[in-house]
1. If Leu51 passes every condition in (1) outside any helix (DSSP H, G or I); (2) open to solvent by 80 Å² or more (accessible area, probe 1.4 Å); (3) not polar (S, T, N, Q) but one, which one does it miss?
2. Val224 - would you say it is more than 19 Å from the chain's Cα centre (by Cα) and more than 23 Å from Thr71 (Cβ to Cβ)?
3. It is to be established whether one or more residues within the stretch 152-160 are at pLDDT 95 or above and under 26 Å from Phe80 (Cβ atoms).
4. Look through Val170, Val207, Val162 and report the one residue that is within 23 Å of Arg5 (Cα to Cα) and over 16 Å from the mean Cα position of the chain (by Cα).
5. Of all residues in the stretch 164-186 being open to solvent by less than 10 Å² (accessible area, probe 1.4 Å) and touching a helix residue (DSSP H, G or I) at 6+ places or on another chain (Cβ under 7 Å), which is modelled with the lowest pLDDT?
6. Residues being farther than 23 Å from Asp241 by Cα and either part of a loop (DSSP other than H, G, I, E, B) or open to solvent by 100 Å² or more (accessible area, probe 1.4 Å) (or both): count how many of those fall in the stretch 1-34.
7. Taking the stretch 207-220 only, how many residues are open to solvent by less than 80 Å² (accessible area, probe 1.4 Å) and either among the charged types (D, E, K, R) or touching a His at 6+ places or on another chain (Cβ under 9 Å) (or both)?
8. Filter the stretch 1-26 down to the residues that are in contact with a strand residue (DSSP E or B) (Cβ under 8 Å, 6 or more places away or on another chain) and of a type outside the set (Ser, Thr, Tyr) and list them by number.
Amino acid sequence: RYSDRLLENLQNLDQENEYIVLVDPKDTWKPRAQNFDTKKCRYKQFSFNPLDQLGFALQLYRLRPNLVHFTMTQQPVLYFGKIITTTHDLTMLRHTRPSRFPGWLHRIGMSFYKFMFWWSHIKSNKIIVPSQFVADDLAKHQPSAAKKIEVIYEAADPPLKVKPESIKGVKKPFIFHIGAPYPHKNIHRLIEAFDVIKENHPDLQLVLPGRMKDQFKKDFDSWVKKSEEKKSIIAPGFVSDSDLKWLYENAEAYVLPSLSEGFGLPGLEAMAHDCPLISSDATCLPEIYGEAAQYFHPRDIFDMASAVDKVISSKKRQSQLV
C-alpha cells in the first residue's frame, strides 16, 4: 500500500524527473505518466542468495540512477549509490514471525535480516520513517542513523469509491479487524477479549478478514477453537474493496489490538469511513490517532473488553470518536 500510493501521487506531483520503477516479473503495474517507466526485476527481496544479491546490485549499477529509493530495509549489500530508505518500524526485531524453516536456519535468516537492517541505514543518505515514535526508536537502536532520519507521516485515502457489498454470514451488530494474524498483531488476545465482551453483548459478532496461510492459519484456527464464542467469530479471508467498505460503514467499531506498529494506517482508513476506532495504546498509535480513539492496554484482555464495551454501548461515544 505504501509503495502503491507513493507512486500514484508522485505521478501527480512530479512531471520533470525521470522515474524507473523496478517490478516483479509477474507484476502488471503500469505508470500513466510519461516520465515514469518500469523494468522487470527478477531478484528476490528477502534473500541472502549471492545470485540475488549480486544480480540486484548489478542491475542497479547498469541503470546508473541519481538516487534509489528502497521502500524497505531489504536491499543489495553491495550497492553504494545515493540511497533513501524507508524504515516502517522495528517490529521484526522484537516480534519474530513463525517460520516454515528449521530453527537453526531461521536463526541464520534473522541474523542476516538484522545485519541488513543495520547496513541499509549505514549506506543510506536519508532514512524516511512514518512517525516520531519510529524516529526515536531507530535513533535509540542505531545512534549513527539519528541525523539521517526524516519523519514523513502517511495518510489514509478518501473513502473507497465502490459500491458496498455485504459479506455472507456477517450480521449486525459486529466489530472487526483486518489483517494477517502475525504475532505482533495480537489477534489471539482480541479473541479472548471477545469472550468477555459477549457477556454484555450476546448478539455481537467479531469479523476478522485477511489473508491466512501456513502457520498463521493454524495458529488462528487454534485460537478460534479455544473460544467459547467461536460461532460468533467470522473469518471471511481476503475481502474486496466493496466488502471492506461495507464493513467500515456498518461496524459498531474498528478494533486495532496491535502490540507494535510504525504508523497504523488501518485506523485512519476506519476514520475516513466514519467508523469509530478502538485502539491499543502501544508504540506510535496515540501519536497518530490523538483524541480520536478509545484506547486500551494491548496485553490486558479485560481492559480491551472494557474499551470496546464503552464504545459500542454508547451512540454518544461513537459520535464523539467519529
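The values are calculated or read from the model by the stated rules, or taken from the named source; none is laboratory data. Given the structure is predicted, the values throughout are model-derived calculations rather than measurements. Here the Cβ positions follow ideal geometry from the backbone for every residue, glycine too, while neighbour counts run over all protein chains shown. For the accessible areas, the whole protein counts, side chains as well, though only heavy atoms, and no ligand, DNA or RNA atoms are used. Shrake-Rupley method; radii C 1.70, N 1.55, O 1.52, S 1.80 Å.
1. (1)
2. Details: more than 19 Å from the chain's Cα centre (by Cα): yes; more than 23 Å from Thr71 (Cβ to Cβ): yes.
Judged against the criteria, Val224 is a match.
3. yes
4. It is Val162.
5. Taking the stretch 164-186 first, the residues open to solvent by less than 10 Å² (accessible area, probe 1.4 Å) are 174-177, 181, 186.
Subset that is touching a helix residue (DSSP H, G or I) at 6+ places or on another chain (Cβ under 7 Å): 175-177, 181.
Working: Ile175: 98, Phe176: 97, His177: 97, Pro181: 90.
Restricting to residues being open to solvent by less than 10 Å² (accessible area, probe 1.4 Å) and touching a helix residue (DSSP H, G or I) at 6+ places or on another chain (Cβ under 7 Å), the top hit is Pro181.
6. Qualifying residue count, the stretch 1-34: 10.
7. Number satisfying all stated conditions: 6.
8. Leu7, Leu10, Gln11, Glu18, Ile20, Val21, Leu22, Val23, Asp24, Pro25, listed by residue number.
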